[in-house]
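Report on the following structure.
The values are calculated or read from the model by the stated rules, or taken from the named source; none is laboratory data. These numbers come from a predicted model, not from an experiment. Ideal geometry is used to build each Cβ from the backbone, glycine not excepted, and the neighbour counts take in all protein chains shown.
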Ligand SMILES: *[C@@H]1O[C@H](CO)[C@@H](O)[C@H](O)[C@H]1NC(C)=O
Ligand SMILES: *[C@@H]1O[C@H](CO)[C@@H](O)[C@H](O)[C@H]1NC(C)=O
Ligand SMILES: *[C@@H]1O[C@H](CO)[C@@H](O)[C@H](O)[C@H]1NC(C)=O
């Protein structure tokens, strides 16, 4: 046989294997379960899966505000890869932006007549324009999902993301979001959950819910996800309405309501304000007029617990001598910060390991940063505050189910 025949046969085998093997039923019920690991330098979380006929390993940073899956396609080769043509039904569904060409040689990420994609990063002041492509996603658990939509970016677009990341899994509220494509391919409802670990391996689950007899279902509270529809401006080319907002009404520290004007929490007419969740911002950032009274109340309650102040270490405002802070299995024992949500007794508790950061062996700081007096969003809950919290985004029903720190109940994301 000539090598041409061989490669045609090879293509046929790959197409056959990937397209015609149905998703095993067990996976269809629990959805796609992917590992989630922490990058300690950036506090970002990344997931790992395989793409294409060579099963190239992809480490994609999970971004709750990201529009779609994008990959660095430098060096990517696959026999099952295909560009989405312009003027195709798929391009229309993907809401492609124009038609992209490339001066060759043809390779993944470089083809003519390709459905245009605008890919964004919170670390870049511009969108990068590359086409939409699709290929088979597979996992070590032998799940194979053909025709998973992604766009290609150059290596240098990975600036700001965890070292070793080769892509970004966009988990925003968009039609092309990674969860939406995957759950659609599995005929499952559009929902996903993250359980980002502080150490060990957590989970990103797409499509499936918690098992009925899960140990943590009793810990979960639920709150509506708010859509911030007409953003006043866009940061780094991103549309804030892709992010998930929740309706935080007030904040309690050690059980006491902190005095903050309610209007700071609301989403204003210009669409600024509100509280959103970010998996790519390292620490929770608050409007100065919220952070100041929260830090003051925390400091007072901390002093009552015998914590002794230390000189502040930027960017943190309130720091303590580590030797005066009691340690527990759930992290440092410090005053709890509760984000109060609508409804009876619904709050997100920030405690222990989520509240504090060890800046050196002698100093521990309250892990909140100042977003200034005119931030676009009043409170951005950051990655450090998401660690060891289970969060289920039921996008179809617009609800968030969340656990607060699992460590408090002697559970963890790696043992879920
Ligand atoms: C795209 O078309 C142009 C003009 O016909 C051609 O020069 C170029 O090589 C093509 N690119 C690819 C990737 O095939
Ligand atoms: C948090 O992230 C910002 C922006 O990426 C970075 O400049 C800063 O150094 C990080 N903060 C800490 C304490 O690591
Ligand atoms: C916490 O959970 C682990 C593993 O499930 C168990 O071995 C340990 O006894 C538990 N600790 C407490 C204090 O309940």
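Each row is one residue, and each column tells you yes or no for (1) surrounded by fewer than 24 Cβ atoms within 10 Å (Cβ to Cβ); (2) modelled with pLDDT of 95 or more; (3) touching a strand residue (DSSP E or B) at 6+ places or on another chain (Cβ under 6 Å); (4) not in a loop (DSSP other than H, G, I, E, B).
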{"site": "165", "(1), (2), (3), (4)": "yes, yes, yes, no"}
{"site": "169", "(1), (2), (3), (4)": "no, yes, yes, yes"}
{"site": "175", "(1), (2), (3), (4)": "yes, no, no, no"}
{"site": "205", "(1), (2), (3), (4)": "yes, yes, yes, yes"}
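Checking each residue of the stretch 321-328 against the condition of being at pLDDT below 95 and part of a loop (DSSP other than H, G, I, E, B) gives no match. For the stretch 147-167, a residue qualifies if it is in contact with a helix residue (DSSP H, G or I) (Cβ under 9 Å, 6 or more places away or on another chain) and either closer than 24 Å to residue 99 by Cβ or within 16 Å of ligand 3 (Cβ to nearest atom) (or both), and the qualifying residues are 147, 148, 149, 150, 167.
Restricted to the stretch 37-51, and to residues there that are closer than 17 Å to residue 389 by Cβ and not in a strand (DSSP E or B), the residue that is farthest from ligand 3 (Cβ to nearest atom) is 44.
Listed residues 136, 80; which is assigned to a loop (DSSP other than H, G, I, E, B) and at pLDDT 95 or above?
80
Just checking, how many residues over the stretch 354-413 are part of a strand (DSSP E or B) and either on the phi < 0 side of the Ramachandran plot or modelled with pLDDT under 95 (or both)? Residues meeting the conditions: 27.
Selection of the stretch 382-416 for residues being within 16 Å of ligand 3 (Cβ to nearest atom), surrounded by fewer than 23 Cβ atoms within 10 Å (Cβ to Cβ) and farther than 13 Å from residue 197 by Cβ yields 408, 409, 410. Residue under question is residue 365, and the condition is that it be within 16 Å of ligand 2 (Cβ to nearest atom) and over 19 Å from residue 245 (Cβ atoms); does it hold? Taking the combined requirement at face value, the residue satisfies it.
Can you say whether residue 74 is more than 25 Å from residue 50 (Cα to Cα) and away from ligand 1 (no atom under 15 Å from the Cβ), as far as the supplied structure shows? It is false that residue 74 is more than 25 Å from residue 50 (Cα to Cα) and away from ligand 1 (no atom under 15 Å from the Cβ). Is it the case, given these coordinates, that residue 160 is surrounded by fewer than 18 Cβ atoms within 10 Å (Cβ to Cβ) and within 15 Å of the chain's Cα centre (by Cα)? Taking the combined requirement at face value, the residue satisfies it. Out of all the residues in the stretch 91-106, is one or more assigned to a loop (DSSP other than H, G, I, E, B), touching a residue at least 60 places away in the same chain (Cβ under 8 Å) and out of contact with any strand residue (DSSP E or B) (no Cβ under 9 Å at 6 or more places or on another chain)? There is at least one residue in the stretch 91-106 that is assigned to a loop (DSSP other than H, G, I, E, B), touching a residue at least 60 places away in the same chain (Cβ under 8 Å) and out of contact with any strand residue (DSSP E or B) (no Cβ under 9 Å at 6 or more places or on another chain).
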